[in-house]
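As structure tokens, the structure follows; a few thoughts come after it.
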Amino acid sequence: MATIFDAVPFLAAYSVSFLVLAAIALMTLIQNFATAPLAFVNEEQVPGLPLRFDHSKLSFRAVRTYSNSAETFPAFGWAVLMAISSGAWPLLVNWLAIGYFIARVAFWVIYYAGIGKPAGGPRTMAFVAGLLCNIALACMAAWSLAKVVI
């Protein structure tokens, strides 16, 4: 057996979703690593203490972006894994995962760059787009599981 796709062939239809899941995990870990030079090395932020300054400082935005990624990743991971496990329509699961990925990358770029207002601007729109993809994935999983249970 070379991969899980060999052992469980139906999972191959979801390979894009697995790739997105891995990419989101990697990007979140990179953000975690990036918080040191962007926020802690210059001593603008102190690990374990409340954030100082506001959205005008890159150090603030770096820590907040990582925190947001760490907070939203589990919900996406579980939603996509449950959609896959329940046998939800692979094409839509893959497209929603891609949509989530694009929205998260846009969120990160916008937040790191400090584009727009702190609330209600393009960053909020990118966050909501990703959230809607995640909600759709969770609904697909619930629907597919309900069909099995009922």
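The numbers here are math on the coordinates, done by the rules we state, and not lab data. Predicted model, so just to flag it, every value in this text is computed and none were measured. Ideal geometry is used to build each Cβ from the backbone, glycine not excepted, and the neighbour counts take in all protein chains shown.
Summary of values
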{"item": "ALA62 vs. criteria aliphatic (A, V, I, L, M), touching a helix residue (DSSP H, G or I) at 6+ places or on another chain (Cβ under 7 Å), touching a residue at least 40 places away in the same chain (Cβ under 8 Å) and within 23 Å of GLY116 (Cα to Cα)", "result": "yes"}
{"item": "Conditions (1) in contact (Cβ under 8 Å) with a residue 24 or more places away in the chain; (2) part of a helix (DSSP H, G or I); (3) surrounded by fewer than 16 Cβ atoms within 10 Å (Cβ to Cβ); number of the one not met by LEU96", "result": "(3)"}
{"item": "Options ALA88, ALA119; residue that is closer than 20 Å to VAL8 by Cβ and of a type outside the set (Val, Ile, Thr)", "result": "ALA88"}
{"item": "Residues located in region 136-150, provided they are in a helix (DSSP H, G or I), among the β-branched types (Val, Ile, Thr) and free of Cβ contacts under 8 Å to residues at least 12 places away in the same chain", "result": "VAL149"}
{"item": "Residues of region 106-123 classified as free of Cβ contacts under 8 Å to residues at least 24 places away in the same chain and surrounded by 14 or more Cβ atoms within 10 Å (Cβ to Cβ), total", "result": "6"}
{"item": "Evaluation of ALA126 against (1) of a type outside the set (Val, Ile, Thr); (2) farther than 30 Å from VAL46 by Cα; (3) surrounded by 18 or more Cβ atoms within 10 Å (Cβ to Cβ); (4) without any contact (Cβ under 8 Å) to a residue 24 or more places away in the chain (one fails), failing number", "result": "(2)"}
{"item": "Subset of region 31-73 that is among the aromatic types (Phe, Trp, Tyr) and surrounded by 15 or more Cβ atoms within 10 Å (Cβ to Cβ) - its residue that is farthest from VAL109 (Cα to Cα)", "result": "PHE40"}
